[in-house]
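Colleague: Handing you this structure, nothing more for now.
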């Protein structure tokens, strides 16, 4: 049984597409970029915002930073509250806590916003900490965030076998592999089975309830 459970936030605990996509549309429209399809907008869920604007849409460094500013102006007022939990999340978290697991959120969303989401969705109390980048970190490596979570819990290389990372995108899985911990890729989020397999997921599950089964097996 794993002792330390690190969760991604968007697409793993929360259905964050509503607020994220609305904020992304505002930022893209500001630069005259026609609103893309819902499927393309989902690219904003998972990676750091700078990557989405700079790498996916080819905005310059200056314009990418301006797009992030516009995005956040909407997101902090409205979008952050448009991220309902997936069905069964609270029950799963409670089961793991009752089993003695230590839970952390490790997300590419700025830490202050992640805290707001967790509080609004009434799951903040389940976690020993929430780790995310500072507002001025535009391209944080997810592996760095995992190591920050480990440091917060005073975990070392000797504890790697007891840690597992749970996420819906390849960013989460590749970071877990880089750090040297096991991972669970979830299919109910915004990724797909092929990308999770290719990234090296230790386990792949379809439902929220399957997470508990893997951890307690």
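We did not get these values from a lab; they are worked out from the coordinates using the rules stated. Predicted model only: the values in this text are computed from it and were never measured. Please note: Cβ atoms are built from the backbone with ideal geometry, for glycine as well, and neighbour counts cover all protein chains shown.
Colleague: Quick one: 127, 6, 44, 18, fewest Cβ neighbours within 10 Å first, how do they rank?
Modeller: Values: 127 20, 6 29, 44 25, 18 15.
So the residues, fewest neighbours to most, are 18, 127, 44, 6.
Colleague: While we're here: Between residue 187 and residue 134, what length comes free when the chain is fully extended (0.36 nm per residue of separation minus the Cα-Cα distance, one decimal in nm)?
Modeller: Gain on extension, residue 187 to residue 134, equals 16.2 nm.
Colleague: When the gyration tensor of the chain is built from Cα positions, what are the square roots of 5 times its three eigenvalues, in whole Å, from largest to smallest? Let's see the in-between values first.
Modeller: Values: eigenvalues 162, 59, 54 Å².
Calculated on Cα positions only, the semi-axes equal 28, 17, 16 Å.
Colleague: For 92, 1, 165, which order do you get if you count the other beta carbons within 10 Å of each Cβ and list the fewest first?
Modeller: If I rank by nearby Cβ atoms, fewest first, I get 1, 92, 165.
Colleague: Something else now. Rounded if a/c is under 1.5, else prolate if a/b beats b/c, else oblate: with a ≥ b ≥ c from the C-alpha gyration tensor eigenvalues square-rooted, which is region 1-112?
Modeller: prolate
Colleague: Does region 119-207 come out rounded, prolate or oblate, given a ≥ b ≥ c as the square roots of the eigenvalues of its C-alpha gyration tensor, rounded meaning a/c under 1.5 and, failing that, prolate meaning a/b above b/c?
Modeller: Rounded.
Colleague: Kindly state, to the nearest 0.05, the FRET efficiency for residue 119 paired with residue 95, given R0 = 22 Å and r defined as their beta-carbon distance. It would help to have the intermediate numbers written out before the result.
Modeller: On the way: r = 21 Å, r/R0 = 0.96.
With a Förster radius of 22 Å, E is 0.55.
Colleague: Gain in length, residue 66 to residue 159, computed as 0.36 nm per residue apart minus the alpha-carbon separation, to one decimal in nm?
Modeller: Details: separation 93, 0.36 × 93 = 33.48 nm, distance 4.08 nm.
Stretched fully, the residue 66-residue 159 segment lengthens by 29.4 nm.
Colleague: Follow-up question, since we're still on this one. Percent relative contact order of region 1-86, based on C-alpha pairs within less than 8 angstrom and at least six residues apart?
Modeller: Relative CO of region 1-86 lands at 46 percent.
Colleague: Which residue fluctuates most in the GNM of the chain (Cα springs below 10 Å): 32, 132, 79?
Modeller: Highest fluctuation of the listed residues: 32.
Colleague: Only helical DSSP H runs with n ≥ 4 go in: add -39500 (n - 2.57) per run for the chain, normalise by residue count and round the 222 nm mean residue ellipticity to 500 deg cm²/dmol.
Modeller: Roughly -12000 deg cm²/dmol at 222 nm, from the helical runs in the chain.
Colleague: Rounding to the nearest 10 and keeping the result within 0 to 90°, find how far the Cα-based axis of helix 142-152 lies from the longest principal axis of the chain.
Modeller: Taking Cα atoms only, the helix is inclined about 50 degrees.
Colleague: Would you mind classifying region 56-147 by shape? Square roots of the alpha carbon gyration tensor eigenvalues, ordered a ≥ b ≥ c; an a/c under 1.5 is rounded, otherwise it is prolate if a/b is larger than b/c and oblate if not.
Modeller: Note, shape of region 56-147 comes out prolate.
Colleague: If you average the sequence gap of Cα pairs under 8 Å that are 6 or more apart and divide by the length of the chain, what percent do you get for the contact order?
Modeller: 26 percent.
Colleague: Cα centroids of region 178-217 and region 69-135: how far apart, whole angstrom?
Modeller: 19 Å
Colleague: Right, next: Just 34, 91, 195 to compare: in a GNM of the chain, with alpha carbon springs under 10 Å, which one fluctuates most?
Modeller: Comparing 34, 91, 195 in the GNM, the peak value goes to 34.
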